[in-house]
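Just below is one structure, and these are the notes that go with it.
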Amino acid sequence: MNIVFLDRNTIGSDIDVNVFLQFGNLTIYSFTDEFEVANRIADADIVLTNKSKLNETTLKDSNVKLICVSATGTDNVDVRFCKSMGIAVCNVKGYSTESVVQHTFTSLFSLIEKIPQYNEYVKSQKYINDKSFLHLAWNFREIYGKNFGIIGMGAIGKRVAQVANAFGCNVFYWSSSDIDRNPEYKRLPFNELLEICDIISVHSPLTEHTYHLFGTKQFEKMKNTAVLVNMGRGDIIVEEDLVVAIETNMIGGAALDVLSKEPMSDKSPYVRVLSDPRLFITPHIAWASIEARERCINEMCLNISDFFDGGFRNRVDITV
């Protein structure tokens, strides 16, 4: 088998990918531009990728049998076209749950406890020989007893709910589907959740129901002290509207790990408020703990092995 990894660097250079050699010849590319995809997969039986576009244009002249996406989302793959061509498509599930949950609360606390500001205060040596043992330039509140709203109660949302509950929060949720209903926590209508919650944490995929779910109308319904955390997808938020909401004190702030364009464009509205402490942004790393990335590679190997044994493990082309 000829195996091509189109964007190996998306899994991190510290993670060993030679494990794929057990399945055949392995060709590795750090990154692949869209215009390079068709040529690079021309002789491939198996394509490994995270973000490279795989569609009719890039696949029509190929002999690809299996596409393994090193992520849960498969937005970059035209799954319907693949199905029509008899190309199997597999994703990976559950590998990043603990990493995303950990990053959710890391981002939340960094934002509300002003951790970067206090850290910089000490490291800039302003604390040396200060007049007081403490420095209260930036106020912060506890999350104990606060209303914690979760958008999307899948595997990650459920774990976030458990952790929030452990911190003493009152947990509520909203989901665009009834499939993931969880009787342990109260489901609220979306607008009611916006109105009562002090923290809203987004863990939903991008769908027709969640695209631009948060815009000016929604921010106007939120408390002006409420904070929004987005670990889902960038386009769940109307970014210009969020920037205006921060600029006008409509909400208390936002912690983001995802943007509508990644990497960030110099035309992003967030550029206007990058120095504002009410905005905390990380570069799409919530999923990327060492353990999560190791699990991801292992899951991909299991998908490949199962496919050639005639199985359907993590196949996303079956149900489209």
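The values are calculated or read from the model by the stated rules, or taken from the named source; none is laboratory data. Since this is a predicted model, take the numbers as computed values, not measurements. Backbone-built Cβ (ideal geometry, glycine too); neighbour counts: all protein chains shown. What goes into the accessible areas is simple: the full protein's heavy atoms, side chains included, and nothing from ligands, DNA or RNA. Shrake-Rupley method; radii C 1.70, N 1.55, O 1.52, S 1.80 Å.
Treating only the Cβ atoms of Lys and Arg (+1) and Asp and Glu (-1) as charged, compute the dipole magnitude of the range 18-174 about its Cα centre; round to the nearest 20 debye.
Around 580 debye, computed over the range 18-174.
Convert 10 °C to kelvin, take the viscosity as 1.306 mPa s, use the Kirkwood radius over C-alpha pairs of the range 64-200 as Rh, and evaluate the Stokes-Einstein diffusion coefficient in µm²/s, rounded to a whole number.
For the chosen part, D equals 86 µm²/s.
Rounded to the nearest 5, what % of the DSSP beta bridges within the chain are antiparallel ones?
5 percent
At 4 °C and 1.567 mPa s, grab the translational diffusion coefficient of the range 15-67 from Stokes-Einstein with a Kirkwood Rh over Cα pairs, rounded to a whole number in µm² per second.
Details: Rh = 11.8 Å.
So the translational diffusion coefficient is about 110 µm²/s.
What is the spin-label model distance, in nm, from Ile15 to Phe31 if the labels are put 7 Å beyond Cα along the C-beta direction?
Distance between label points: 1.8 nm.
Can I get the semi-axes of the chain's equivalent ellipsoid? Compute them from the C-alpha gyration tensor as square roots of 5 times the eigenvalues, in angstrom, largest first. Please report the intermediate quantities before stating the final value.
On the way: eigenvalues 302, 102, 69 Å².
The equivalent ellipsoid of the chain has semi-axes of 39, 23, 19 Å.
Cut-off under 24 Å on the C-alpha distance; same-chain residues fewer than 8 positions from Lys65 excluded. Which lysines are left, in chain and number order?
Lys51, Lys53, Lys83, Lys93
Based only on the alpha carbon positions, what is the Kirkwood hydrodynamic radius of the range 190-320, in angstrom? Don't skip to the answer; put the middle values down first.
Numbers: mean 1/r = 0.0600 Å⁻¹.
After inverting the pairwise mean of 1/r, the radius is 16.7 Å.
Relative to the first principal axis of the alpha-carbon coordinates of the chain, what is the inclination of helix 97-112, with its axis defined by its Cα atoms, in degrees from 0 to 90 and to the nearest 10?
30 degrees
Please list 3J(HN,Hα) in residue order for the range 53-67, calculated via the Karplus relation 6.51 cos²θ - 1.76 cosθ + 1.60 where θ = phi - 60°; whole Hz, with x for glycine and proline.
So the J values, rounded to whole Hz, are 6, 10, 8, 4, 4, 8, 10, 4, 9, 9, 10, 4, 9, 8, 10.
Which of the three applies to the range 180-235, rounded, prolate or oblate, going by the alpha-carbon gyration tensor with a ≥ b ≥ c and a/c under 1.5 meaning rounded? If you can, show how the numbers build up before the last one.
Numbers: a/c = 1.59, a/b = 1.04, b/c = 1.53.
Here the range 180-235 falls in the oblate category.
Let me check I've understood the local charge: for Val243, count other residues with C-beta under 10 angstrom from its C-beta, Lys and Arg +1, Asp and Glu -1. What total comes out?
-4
Write down the accessible area per residue of the chain in Å², having rolled a 1.4 Å probe over the full set of protein chains.
Per-residue accessible area for the chain comes out at 50 Å².
Could you please put Thr97, Thr57 in sequence from largest to smallest accessible area, using a 1.4 Å probe?
Thr57, Thr97
Going by a ≥ b ≥ c, the root eigenvalues of the Cα gyration tensor, does the range 143-244 fall in the rounded group (a/c under 1.5), the prolate group (a/b larger than b/c) or the oblate group?
Because a/c hits 1.5 or more and a/b fails to exceed b/c, the range 143-244 counts as oblate.
Which value, in Å² and to the nearest 10, is the accessible area of Ile87 when all protein chains are kept and the probe is 1.4 Å?
Around 10 Å² of this residue is reachable by solvent.
Pop out the carbon and sulfur fraction of the accessible area of the chain as a percent, whole number, probe 1.4 Å.
Here it works out to 50 percent.
At a Cα cut-off below 23 Å, give the lysines reachable from Lys123, other chains included and same-chain residues fewer than 8 away excluded.
Excluding near neighbours in sequence, the set is Lys114, Lys131.
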